[in-house]
Each structure stands twice: as structure tokens, then as C-alpha cells.
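The values are calculated or read from the model by the stated rules, or taken from the named source; none is laboratory data. Just so it is clear, the model here is predicted, and its values are computed rather than measured. No Cβ is skipped: glycine too gets one built from the backbone with ideal geometry, and neighbour counts run over all protein chains shown. Only protein heavy atoms, including side chains, enter the accessible area calculation; ligands, DNA and RNA are left aside. Shrake-Rupley method; radii C 1.70, N 1.55, O 1.52, S 1.80 Å.
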Amino acid sequence: MIKKHSYLLLILFLFSACQQVIEKTAENLVAEKKELIGKYHTLKSEKIKVFLPEEFNYISTKNYLEYIEKLKDTFLINTEKQRVDFIKNTGRKIYFFEHFESGSIANIMPEKYIKFSNTDAKYLLAIIDKTIKSNSRPYIQYELLESQFKGNKNLKIFKAIYEVKSPKIEMKIYKHVYFISYNKKSVLFNLETPVQIDCDPYIEKIRI
């Protein structure tokens, strides 16, 4: 259940790319978003299709963990490894999609179905906010930019967008968190990018 999850996704993906490349490719992501250019990725065992910008590619959990092992912050490495291990030990799955050239990464985690409404939004936000901050370095600052509930009789979406700042990283990072319930299924979607983008059109095309 969401109370037990760690929603922390490392903000260290930018260390492997130069700032000029990041800014250029991030601008392309924003431009393509206007035309909603992307592709579907099928999670066959979950019977879920997610629509992402076409630059994003699937990366296995094994390769993802091998990637973070190369980074220098032991705390962040151990925190993310523990998070992935916890998810696996509870029998759940997590799927990673990356666009390392722009310093962007997404993960998708199928959940047990949770029915929620607009009145539950503040509780979802409190859980997400507390979990993110409790699993983060003290010098990392999270500023909530937006939280919103969207939905109809069948589809329910809650989103929270954070600006992530640190004196050790010159660039800002934006963390987009979505919790989606539809067709008796729930999905947690997390995206981190060097620019704030409108993910809603992509999220709304999810097939559960």
C-alpha cells in the first residue's frame, strides 16, 4: 500500500551528462509534448500500456541498479537499492524508462487497486510528501509547485509536482508524481526531468 512505499527516485541522473546537452534535449521534450509525439510501452504481465515521449526507452531493473552503482553518493545508492529490494520482496514490480541524455528517468509501479476521490487528495499528498522528504538528504530541498486531482466516474488521477534543489547541484530538477486508478487497477508513475513538463496528456493515454 502507498503508506509503505518509498517514492524517492534519485536526483543524481544529471551527473552523467553535460549541462548544454541536457538543456537542448530537455527543450526537445517540451517541444514534442505540444504535438504529443510518443510511443506505447506494454507491460505484458500487468496488461498495462503506458504512453511516453519517444525518447524514453525501457531499462531493466538489473541495468538500472548497475548504473546507480557507478555514482558516488553511498547514501543515495543504498537508499535506492533498499527501495527496489523492498518492492521486490513484497511481490510487486517496478519498471524503469530512461532518457539519460536529457537526465530524465521514469518509473512505473503497478499497485493494488485503491479507490479515491478529490476528498482523499490531501491525504495522498501528505503521504507522498512525508515519504519523499524522510528518505532524502537534509541538504536537498523539495518545493511543492502543484497538486491536483482529476477524474471522472471511472478514471482517477492525483498528481504532485516538486521542484528539487540542492547546493551541490547547479541545475534544478522537477519531480512529477502521479497516482492513477482505473478499471479496478492502480498505478504509481514517477518522472524526474531537468525541466517541468506537462505530463497530463501522456498520463491520460495510459491503458490499464
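Select from region 149-163 the residues that are hydrophobic (A, V, I, L, M, F, W, C) and in a strand (DSSP E or B) and write down the one among them that is farthest from the chain's Cα centre (by Cα).
Top of the filtered list is PHE149.
So, of the residues in region 111-128 that are under 28 Å from TYR58 (Cα atoms) and open to solvent by less than 20 Å² (accessible area, probe 1.4 Å), which turns out to be farthest from the chain's Cα centre (by Cα)?
This residue is LEU124.
Among the residues of region 48-60, which ones are assigned to a loop (DSSP other than H, G, I, E, B) and modelled with pLDDT under 90?
GLU54, GLU55
Are any residues in region 129-162 modelled with pLDDT of 90 or more, out of contact with any Gly (no Cβ under 8 Å at 6 or more places or on another chain) and open to solvent by less than 20 Å² (accessible area, probe 1.4 Å), and if so, which ones?
Within region 129-162, PHE158, LYS159, ALA160, ILE161, TYR162 qualify.
Could you pull out the residue among ASN63, ASN107, ASN78 that is more than 15 Å from VAL195 (Cα to Cα), in contact with a Leu (Cβ under 8 Å, 6 or more places away or on another chain) and either modelled with pLDDT of 50 or more or surrounded by 14 or more Cβ atoms within 10 Å (Cβ to Cβ) (or both)?
The unique qualifying residue is ASN107.
Suppose we filter region 81-104 for residues that are open to solvent by less than 30 Å² (accessible area, probe 1.4 Å) and either touching a Pro at 6+ places or on another chain (Cβ under 6 Å) or among the β-branched types (Val, Ile, Thr) (or both); how many remain?
The number of residues fulfilling the criteria is 4.
Need the failing condition index for LEU71 against (1) farther than 24 Å from VAL50 by Cβ; (2) in a loop (DSSP other than H, G, I, E, B); (3) modelled with pLDDT of 90 or more, just the number.
All conditions pass for LEU71, except number (3).
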